[in-house]
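As structure tokens, the structure follows; a few thoughts come after it.
The values are calculated or read from the model by the stated rules, or taken from the named source; none is laboratory data. Keep in mind it's a predicted model, so treat the numbers as computed, not measured. Positions of Cβ are backbone-derived with ideal geometry, glycine not excepted, and every protein chain shown enters the neighbour counts. SASA here: full protein model, heavy atoms, side chains in, ligands and nucleic acids out. Shrake-Rupley method; radii C 1.70, N 1.55, O 1.52, S 1.80 Å.
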Amino acid sequence: MRKILLVDDEKIMHDLAMAYLEREGYNIVSAFNGKEGLNMMLTERPDVVLLDYMMPGLNGEEVYQELCSNPKYKAISKTPVILLTANGCDDSLKTRLLRQGVLAYLQKPFGLRELANIIENIFIINDMRRDNQLLKRAVRTSRDIITQVVHNAPVGIIATNRSGKITQINRHALKVLEAATGQSASELSILENDELRNTFFYEGVSYVLSLGKPWLREVLFWSPRFAVRSVLNVHFVPMRTGNTGSVDGTIGIIEDITEKQKAQLERMILSNISQVMQEARNIDEVLQLLLTAATAGQGLGFTRAMIFLYDEEKQILKGRLAVGPSSSDEARRIWEELSHENIEIDHFLRKYGRFGKENSAALNQKVRGITIPVDSDCQLVKHFLERKQYRSMAARSRNSFRNAAHSPAQLAALELDEFVSIPLHSPERLWGIIIADNKFGHVKLHQSRIQMLALAAAHAANAMVRLAAFRKIEDDNRKLEKALNELKETQEKLIHAERLAAIGEMAAHVAHEIRNPLVTIGGWARRMAETACQNGEQKEDDPARIIVDEVVRLENILANVLNFTRTNEPQLVQGNINTLIHELCLQLKPEYQKNGINCSMNLQDNLPDCLFDPDQIKQVLLNLLKNSLQSIGPGGRIGIATLLRGRDIEITVSDNGRGIPKSVLDSIFNPFFTTKEHGTGLGLAISRRIIHNHGGEITVHSEPNTGSVFKVNLPVDLKKTDDHNEGPASLQEMIL
Amino acid sequence: MTKNAKILLVEDERSLRMLYKQILSDDGYTVYDAKNGAEALEIIVRHHPDLAILDIRLSGEDGLELMGKIINVNDKIPIILHTAYDVWKDNFRGRIADAYIVKSSDMSELKETIKNLLQRN
């Protein structure tokens, strides 16, 4: 039941009010002066106070002022008070009272009905006021929460009204906004700011305001004028208030996913570097890839990177490869080129090598000229030998960082400031070192980038290990292949030798069997011819003489065959090939003159002496010269030359004769192969045997109708050995 | 000395034996021909030839062996090794045999050598 305190000095008022208001359902308590009223307010805690103005002692106004101002009554100071004033009270008093907070006043005399109504209204108003205050508090709390959420959100939040003017913005969104406008302004209209015209702010807000639909961009590459590039997810949605459903503004959520993207990119770069390195075919390719990855703008992001390889034997680090601009002018030029192209991260890998060879020539040259002894006492080298990273911090003064304690004096030309050096190593080997910095980039080295570089360097070292193993396998394979080829060659030679031996054996046997009958035939024919001659019966076409001649020819063939089958060791003597050729040409001169042949000699001066069998070499050269003679007509040319080629003496016999058809070129050194009508086919076979027995080689180059060139190579340093036989080991053994 | 000199000819091929006998007889030598070692040794003992011409490869025996036997009987007799093979030429010349001649239808070398050896002795 609601309680009403009536403070009035008139008893009648108490009786009337009590009689009426109790009937209305109120509980009435009474006080007869101001002081008593204040006390009862404390003790009774009435819901409403009816306070008479005119009272002895404290009047109503003074009681009210005491209630509001005395801390003693603080707990009940908000109790609604209705002032009961006397008739004729002036308006200024009423106004003053109302201003002070009195809820209502009633001018005496008033009807009880009127009093009841006012009390009822007061309760209603009071309830409303309380509700209102609760609501206000709730709204304030909500607003505080929203403000805190907005400001503390990890994303950018921006709200605009329906004309695009910013109504609320948090610090993240403000940062993005300021990066675009270049000014610190949170109260501007997105649709009217020129700087924002070509940005997602304008696009998103105008879309949402005109179409009333959400606008979403994910993984947006944001290149603001006044800050570094970043990657954003942006979402603008319409803001609707009231029941009309019309769009009253926009709310934008801006999420900066640069770091997330970078991390993803880093993983991608690393996996790509690893993969590409696994495909590299040589160590330089691996190094180039590592440097490219280190310096590619959107990759690990160093501006310069260089590699020094470790030569363990010489105890030095030798500059091998470098990537990066060599001056700030060059850096500016390259970056301008790059920024025009506006490379996006997902295109980055295809843009590998932006600071590639063409842009790094000057730095590369500088680095290649640098040799660092590893006994140097500086931190960089010490860390390298301990297989540790070394990071040199930016110098406080420009002179201290070039101090020998950090980097060796040999690196002074590179003007290293803040740099990092990372060893390239595998468990069994130190390969070298990669040094990277942000020279000309003016950005501090980032720890995550350094870790990435270290990972990339580890991949590179792995690839180098793989390549080294691969190269070893290749080398082994090559050796095996060579050994196999040599084996095959030896086998072929053996087969060839065996075949020759068989031929020789057969030839010797046949020759022997034929020689005796030939001697008989020829001997008797000769005797017959001589007898006829002695008897004066000699005739030019004496058949006996013809038999004699033919037998002589057959005997010559037999001599050749037997000569071939014989394995004469060369009787080596020290001599000069030029002298031998001079003698030979002198011997052949009459024959050349007779046939109108032009023979030219081109012999090298100071040709060293060598060991050879003069008879055999003479036989070879005579054979070659006679072949030439037979292949050319009158007026033809024959050339003989000598040349010291390495440790070989090269003898060349050339002619401009009819040449040798290609189809038979491979066969001309085979025994019994001949293109001549009366040849035995042994001349070149014997020649080759002799040259091989001298440890040399004989080759031919020939063009039909142009001529032939035979080259004989004899080693200057031939030692007497028994290894040059290749025919039958010994015919003597064979026959005996 | 050279004319009418006695020559032992050891040759197992009849046709050759006949040829050499004829040719050397034409030149005035007395030729004793033998087709094997046994005959040859008999001639050595019986006729004391001034010179011997030996084929190296005789049917059934070795001319070199025969040469040894002849030297055992008479170590003064000049011996010409006469063969179809020319491979031993360097091996034997100047050692035991006095000459080594490869058989040829042209017998001038043989004739010349016989003449020289007989004159030498």
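A:CYS599's amide H: which non-local residues (gap 5+, or another chain) put their own amide H closer than 5 Å, with H modeled 1.01 Å from N in plane and none for Pro or chain starts?
It is A:ILE638, by chain and number.
Beta carbons within 10 angstrom, averaged per residue: use that to sort the peptides B:53-60, A:373-380, A:66-73, highest first. The partial results should precede the final answer.
Details: B:53-60: 18.0, A:373-380: 16.2, A:66-73: 14.2.
With the highest mean Cβ count within 10 Å placed first, the list reads B:53-60, A:373-380, A:66-73.
Give me, ordered by chain and number, the residues 5 or more places off A:GLN107 or on other chains with an amide H under 5 Å from its own placed amide H.
A:THR85
Explain nothing, just compute: Karplus ³J(HN,Hα) = 6.51 cos²θ - 1.76 cosθ + 1.60, θ = phi - 60°, for every residue of segment B:17-33 in order, whole Hz, x for Gly and Pro.
With the stated coefficients, segment B:17-33 comes to 4, 4, 4, 5, 4, 5, 5, 5, 4, 3, 8, x, 8, 8, 10, 9, 9 Hz.
Would you mind computing, in nm to one decimal, how far apart the modelled labels at A:GLU10 and A:LEU586 are, each placed 7 Å from Cα along Cα→Cβ?
In this crude spin-label approximation the distance works out to 17.7 nm.
Find, among the trypsin sites (Lys or Arg not before Pro) in segment A:233-318, those assigned to loop by DSSP (not H, G, I, E, B) with at most 14 other beta-carbon atoms within 10 angstrom.
Working: sites: A:ARG240, A:LYS260, A:LYS262, A:ARG267, A:ARG281, A:ARG304, A:LYS314, A:LYS318; in loops: A:ARG281, A:LYS314.
Within segment A:233-318, the qualifying trypsin sites (Lys or Arg not before Pro) (loop, at most 14 other Cβ atoms within 10 Å) are A:ARG281, A:LYS314.
Taking the Cα-to-Cβ direction at A:LYS482 and at A:ARG2 and moving 7 Å from each Cα, how far apart do the two end points lie in nm?
11.7
Could you please state, rounded to a whole Å, how far the C-alpha centre of segment A:634-671 is from the C-alpha centre of segment A:210-256?
If you average the Cα positions of each part, the centres end up 89 Å apart.
Would you mind getting me the FRET efficiency between A:ARG387 and A:ARG267? Use the beta-carbon distance for r and R0 = 30 Å, nearest 0.05. Don't jump to the answer; show the numbers that get you there.
On the way: r = 25 Å, r/R0 = 0.84.
That gives a FRET efficiency of 0.75.
If you consider only alpha-carbon coordinates, what radius of gyration and Dmax does segment A:542-649 have, in Å?
According to the Cα coordinates of segment A:542-649, Rg and Dmax are 17.4, 59 Å.
Going by average Cβ neighbours within 10 Å, how do the peptides A:459-466, A:148-155, B:73-80 rank, with the highest at the top? Intermediate values should be presented prior to the final figure.
Values: A:459-466: 21.0, A:148-155: 13.0, B:73-80: 15.2.
Highest mean packing first, the order is A:459-466, B:73-80, A:148-155.
For the protein assembly as shown, what does the helix formula give at 222 nm: sum of -39500 (n - 2.57) over DSSP H segments with n ≥ 4, over the residue count, nearest 500 deg cm²/dmol?
Details: 25 runs with 400 residues, N = 857.
Estimated from H runs of four or more residues: -15500 deg cm²/dmol.
Give me D for segment A:475-561 in µm² s⁻¹, whole number, from Stokes-Einstein with Rh from the Kirkwood sum over alpha-carbon pairs, 37 °C and 0.692 mPa s.
Numbers: Rh = 16.7 Å.
After rounding, the answer is 197 µm²/s.
Rounded to two decimals, what is the ratio between the C-alpha radius of gyration of segment A:153-256 and 2.2 N^0.38 Å? Working shown, then result.
Values: Rg = 12.7 Å, N = 104, 2.2 N^0.38 = 12.8 Å.
Computed over Cα atoms of segment A:153-256, the ratio equals 0.99.
5 Å is the cut-off here: which amide hydrogens, built 1.01 Å from N in the peptide plane, fall below it relative to B:ALA5, excluding neighbours closer than 5 in sequence?
Result for B:ALA5 returns B:THR30.
Taking the convex hull of the Cα atoms, report for segment A:436-495 its projected area averaged over all directions, in nm².
Dividing the Cα hull surface by four gives the mean projection, 5.9 nm².
Roughly to the nearest percent, how much of the accessible area of chain A is carbon and sulfur, given a 1.4 Å probe? Walk me through the numbers before you get to the answer.
Numbers: 20150 of 39490 Å².
The value for chain A is 51 percent carbon and sulfur by accessible area.
Calculate the all-directions average of the projected area of segment A:3-134's alpha-carbon convex hull, and give it in nm². Don't skip to the answer; put the middle values down first.
Numbers: hull surface 30.7 nm².
Result: 7.7 nm².
With N residues in segment A:602-705, what two-decimal value do you get for its Cα radius of gyration over 2.2 N^0.38 Å? Display every interim value, and only then the final one.
Details: Rg = 14.1 Å, N = 104, 2.2 N^0.38 = 12.8 Å.
Dividing the Cα Rg of segment A:602-705 by 2.2 N^0.38 Å gives 1.10.
Ordered by residue, what ³J(HN,Hα) values in Hz, to whole numbers, does segment B:50-64 give under the Karplus form 6.51 cos²θ - 1.76 cosθ + 1.60, where θ = phi - 60° and Gly and Pro are x?
7, 7, 10, 10, 10, 7, 7, 9, 9, 5, x, 8, 9, x, 5
For A:GLN451 and A:ARG281 in one chain, what is 0.36 nm times their gap in residues minus the Cα-Cα distance, to one decimal in nm?
Details: separation 170, 0.36 × 170 = 61.20 nm, distance 2.59 nm.
That pair, A:GLN451 and A:ARG281, stretches by 58.6 nm at full extension.
Grab the beta carbon distance between A:LEU211 and A:LYS366, set R0 = 45 Å, and tell me the FRET efficiency rounded to 0.05. Please list the in-between numbers first.
Details: r = 59 Å, r/R0 = 1.31.
Computed FRET efficiency for A:LEU211 and A:LYS366 comes out at 0.15.
Which FRET efficiency, nearest 0.05, do A:LYS444 and A:VAL716 yield, Cβ-Cβ r, R0 56 Å? Could you put the intermediate results ahead of the total?
Working: r = 68 Å, r/R0 = 1.22.
In this case the efficiency is close to 0.25.
Please give the average number of partner chain Cβ atoms lying within 10 Å of the Cβ of each residue in A:514-526, rounded to a whole number. Before the final figure, lay out each step's value.
Numbers: counts 1, 8, 9, 3, 4, 13, 10, 3, 6, 13, 6, 1, 6.
Average per residue, whole number: 6.
Report, to two decimal places, the Cα Rg of the protein assembly as shown normalised by 2.2 N^0.38 Å (N = number of residues). Before the final figure, lay out each step's value.
Values: Rg = 63.8 Å, N = 857, 2.2 N^0.38 = 28.6 Å.
Dividing the Cα Rg of the protein assembly as shown by 2.2 N^0.38 Å gives 2.23.
Counting only protein heavy atoms and rolling a 1.4 Å probe, how much accessible area do B and A lose on contact, total for both sides, in Å² to 100? Please report the intermediate quantities before stating the final value.
Details: alone 6640 and 40540 Å², together 45110 Å².
By this definition, chains B and A bury close to 2100 Å².
Running Debye on chain B with equal point scatterers at the Cα sites and no solvent, what base-10 log of I(q)/I(0) appears at q = 0.11, 0.12, 0.17 Å⁻¹?
For chain B, the Cα-only Debye profile gives -0.30, -0.36, -0.77.
Give me a single rounded figure for A:547-555: the average over its residues of other chain Cβ atoms within 10 Å of their Cβ. Kindly include the intermediate steps, with their values, before the conclusion.
Values: counts 1, 2, 0, 1, 3, 3, 0, 1, 5.
Other-chain Cβ atoms within 10 Å of each residue's Cβ, averaged: 2.
Once you put a point 7 Å from the Cα of A:VAL149 and another 7 Å from the Cα of A:ASN87, both along the Cβ direction, what distance in nm separates them?
6.2
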